[in-house]
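Please treat every number below as a calculation from the coordinates, not as lab data. All of these numbers come straight from a predicted model, not from anything done at the bench. No Cβ is skipped: glycine too gets one built from the backbone with ideal geometry, and neighbour counts run over all protein chains shown.
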Amino acid sequence: MLKDKKIIIGITAGIAAYKIPYLIRLLIKEGAEVKVIMTPAARDFVTPLTIAVLSKNPCLTEPFERIDGSWNSHVELGNWADLFLIAPATATSLGKMANGIADNLLLATYLAAKCPVYFAPSMDIDMYQHPSTQKNIETLQSFGNKFIAPNSGELASGLCGPGRISEPEDILEILKSHFQVKQSFSKKKVLISAGPTVESIDPVRYISNHSSGLMGYKLAEEFADRGASVTLVSGPTNLKTNYPSINLIDVVSAEEMYHSCIDNFQSSDICIMSAAVSDFKAETIEVSKIKKEKNLSTINLVPTKDILSELGKRKSKNQVLIGFALETDNEFSNAKKKLKNKNLDLIVLNSLKDKGAGFKQKTNKISIIDNEGEIMNFGLKSKEDVAKDIADKIYDFMQTSIFE
Ligand code: CTP
């Protein structure tokens with residue numbers, strides 16, 4: 001998987017830098033092309049000569065050479081790489097990366113890089129657990145950067161806990177699987193709906209639900225990571241996504257979501273409807289605020305269009321259609337009914353009875369049911385990992401003869 005892949009390794013000034021020459025050796029053995037950028041302080045931990053010999057390229061630190069003014073262009077480096085790994089990533093460098101501070105060649109290249117970025121923090125336990133470090137890690141993940149979690153164990157200080165950089169062999173496996181996974185949905189177009197819809201009653205009030213949209217956004221990012229071009233039709237959420245391969249279409253009402261999904265459906269290979277669409281809307285939206293003196297005790301509701309059902313009717317045999325079912329009772333039989341009635345290939349079931357699953361949670365617990373009634377159950381996981389499970393299942397499903 002790594003043959004001819006262009007990898008930049010950024011080494012920042014932590015004691016775990018001593019493990020990176022071995023990682024470089026492993027990458028070179030796999031046939032990767034490796035360039036290394038060190039921060040000035042990292043040279044106190046490993047020598048540029050060791051790095052240059054092992055990587056077969058000059059070890060870069062300065063933006064330009066003082067003697068002849070020749071320039072190490074961060075922009076060219078950023079464009080050259082297929083992948084940028086920052087390891088070890090110290091607390092200081094994480095803070096600078098999260099805040100756009102580019103005061104050395106490594107950080108300027110980080111800001112210029114268009115390729116996927118992985119970062120492997122390493123530091124003492126207290127520094128690692130400090131809220132500012134944790135916040136910076138979260139910020140970097142929200143930029144789409146991939147976090148390689150440190151191991152727990154004895155640290156250079158003698159303390160024990162999380163902070164040890166992941167072992168070079170493990171980092172190598174992560175990079176290999178990155179390139180393997182990256183290709184699994186290349187050239188595929190994926191349409192995803194996410195979040196709630198908001199149905200106005202008057203200029204002030206509305207009908208909606210508690211969906212945060214997180215599951216749909218994590219799905220969009222997972223498919224983008226696997227090489228797909230993604231259209232994400234999102235109801236109002238507090239979420240952002242910075243992936244260039246995600247085309248975000250913001251909508252408010254079920255009617256708007258319906259039109260965006262219909263418009264984008266025909267050109268899609270895979271369609272996942274994870275939005276919590278309002279089933280009803282007010283029959284008429286009042287132009288002025290309804291005053292309480294009116295003693296209004298009922299609002300006439302009419303059903304919204306069922307987007308997924310409509311897509312199920314229009315589905316061609318080369319398209320894969322996936323729905324979600326959020327249930328509180330008779331979960332499996334209700335989900336199976338939706339799968340059949342809406343002409344789906346797969347349905348993802350979450351039960352609100354499961355602790356940690358459903359709306360407003362960072363975690364989810366799902367079962368996936370296929371169109372032959374087979375059920376796969378998964379444990380409680382982060383929504384990011386749930387998105388991986390769903391993408392893996394769709395990939396397996398598409399390996400069947402119809403989609404070959
Ligand atoms: N869905 C949709 N359009 C609607 C309602 C639901 O596209 N107007 C989709 C959801 O995005 C989800 C699936 O249909 O993928 C099931 O949604 P859910 O709310 O669980 O079921 P409903 O069909 O609305 O039925 P009920 O609310 O009675 O359970």
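A few points about this structure:
- Given in Å, the Rg to one decimal and the Dmax to the nearest whole number for the Cα atoms of region 167-225 are 18.7, 60.
- Between helix 254-265 and the chain: long-axis angle, C-alpha atoms, 0 to 90°, nearest 10: 60 degrees
- Gyration tensor verdict on region 278-398 (Cα atoms; rounded if a/c is under 1.5, prolate if a/b is larger than b/c, oblate otherwise): prolate
- Note on region 1-37 and region 271-306: Cα centroid distance 57 Å, given to the nearest whole angstrom.
- Alpha carbon centroid spacing (whole Å) that separates region 227-269 from region 43-95: 38 Å
- Of the GluC sites (Glu not before Pro) found in region 55-158, those that fall in a DSSP loop while having at most 11 other beta-carbon atoms within 10 Å are E65.
- Local electrostatic count at F185 - Lys and Arg +1, Asp and Glu -1, tallied over other residues with Cβ under 10 Å: +2
- Taking Cβ atoms as reference points and 12 Å as the exclusive limit, the residues near G358 contribute a net charge of +3, counting Lys and Arg as +1 and Asp and Glu as -1.
- Whether region 6-182 is rounded, prolate or oblate, judged on the alpha carbon gyration tensor where a/c under 1.5 counts as rounded: rounded
- Debye log10 I(q)/I(0) for the chain, one point scatterer per Cα, at q = 0.08, 0.12 Å⁻¹: -0.53, -0.99
- Just so you know, the Cα atoms of region 185-290 work out to an Rg and Dmax of 14.7, 51 Å.
- Near L339: Cβ cut-off under 15 Å, other residues only, Lys/Arg at +1 and Asp/Glu at -1. The net charge is +1.
- Normalising the Debye intensity of region 229-300 to I(0), with uniform scatterers on Cα atoms only, and taking log10 at q = 0.12, 0.21 Å⁻¹ returns -0.48, -0.99.
- Size of region 83-180 as Cα extents on the principal axes (Å, biggest first): 38, 31, 23
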